[in-house]
Amino acid sequence: MYHPYFRGKQYELITIRENAQRMAEAGFLPIIEPVRESLGGLEKALKAVCEADGKAVVVINPHYGDHARDGVNISTLLANGFLDKPSIGAGVLLKNSMSVAQAMAYLEAHKAHSPTLIHAGFTDGKDLADALVPESVKVRHVFIDELSSKLYRRHFKDADRVLVKDGFEKRRNRDHPDVEFFSDLHITFMDDGMNGFGDFLTVGDDYSESGGPAYAIAIHLTFIDPDADHAMFIYHFKSKRIDTPADPAGKFAEALEKLVEAVEAPGSKIYATEAVSEFKELKRKGHFPGLGYVKKLSMQHHIETMARFFA
């Protein structure tokens, strides 16, 4: 059903680890693209997924980060630690520079790891579909919406298909509107002939190694609006001050004030998740936990919101 797509930075992996039980109970299947050289955090996250009887897909040839040139260490981790865990699958990222032969070679090397093909710019769909026909191994197909056309996806129409769409608009924090549309894919994915759907949570698909100084602090919270056919929207709670990078803790307090006010407003459509409770506790304590932790809570709220909707 729901396939949240994570890049394997520290707080993304912590989010997976801390929400492994929640995602397993909801039937969610996270996709993880490791971007850090150290794989210790990934290993901990995958162990948490296994202990929760959940499932996950790990990209073995990442497009970004420390493993972009060579994902052999990721393959080694899967082979040595998770070959006996059918719930942990290998994801092959199909990029525009790859050939059908290369795609099939990756698939052959990881056919024991419940492989998933992630279509992210690959163009030779017809020949790949033809090459897959004789294969006995079952393959899941994940399509990144902006990098795979409807015409391309038709070549795999009889397979298990998942559509991943980025609902987060990348901008400077100061330029975000207060609220905007996020996605309706959780409602419409079956209309597109898909078996599942995904997104890049409240982080977005755009990848950067590190951000610059934050002139504005923003907390991003998604919510589902029953008065808009259950489409999903996103709040951007921004600090009042946006002109200098000074005082991030004070600016977080400004953004947090807006969040708590919106959550506690009569008729609020924001689910009262555990993440929201933690945001309220941070306000009560007057504590700034750091931007990475804020991002983690935002992602957790998104996962909790999806889980409650499908429950």
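Laboratory data are not the source of any read-out in this text; all were calculated from the coordinates shown. Here the structure is a predicted model, which means the values were calculated and not measured. Note that each Cβ is placed from the backbone with ideal geometry, even for glycine, and that neighbours are counted across all protein chains shown.
Each 10 Å bin from 0 upward holds the following percent of the Cα-Cα pairs of the chain: 6, 27, 34, 23, 9, 2, 0. A full extension of the chain between Asp130 and Asn73 corresponds to an added length of 17.5 nm, given 0.36 nm per residue minus the alpha carbon distance. Taking other C-beta atoms within 10 angstrom as a stand-in for reagent exposure, Ser75, Ser298, Ser87 fall in the order Ser87, Ser75, Ser298, fewest first. The angle separating the long axis of helix 274-285 from the principal Cα axis of greatest extent in the chain is about 30 degrees.
Given R0 = 30 Å, the distance between the Cβ atoms of Glu18 and Glu264 translates into a calculated FRET efficiency of 0.75. Stokes-Einstein diffusion of the range 2-164 at 25 °C, 0.890 mPa s viscosity, Kirkwood radius from Cα pairs, rounded to a whole number: 155 µm²/s. Put in line by how crowded their Cβ is, counting other Cβ atoms within 10 Å and starting with the fewest, His302, His63 read His63, His302. A Förster radius of 35 Å, combined with the Cβ-Cβ distance separating Lys280 from Thr188, puts the computed FRET efficiency at roughly 0.60. Within straight-line reach of Lys283, meaning a Cα separation under 19 Å, sit the following lysines at least 8 residues removed in sequence or on another chain: Lys238, Lys240, Lys251, Lys258, Lys295, Lys296. List the GluC sites (Glu not before Pro) within the range 25-79 that fall in a DSSP loop (any state other than H, G, I, E or B) and whose Cβ has at most 12 other Cβ atoms within 10 Å. The qualifying sites are Glu37. Cross-link partners for Lys9 among the aspartates and glutamates, with Cα-Cα distance under 17 Å and sequence neighbours closer than 8 places in the same chain left out: Glu18, Glu33, Glu37, Glu43, Asp66, Asp199, Asp205, Asp206, Glu209. Under a 5 Å amide H cut-off, with hydrogens placed 1.01 Å from N, Ile32 pairs with Phe6, Val57, Val58, Val59 among residues at least 5 apart or on other chains. Using alpha-carbon positions, what is the distance between the centroids of the range 272-292 and the range 81-121, in Å? Computed from Cα coordinates, the inter-centre distance equals 39 Å.
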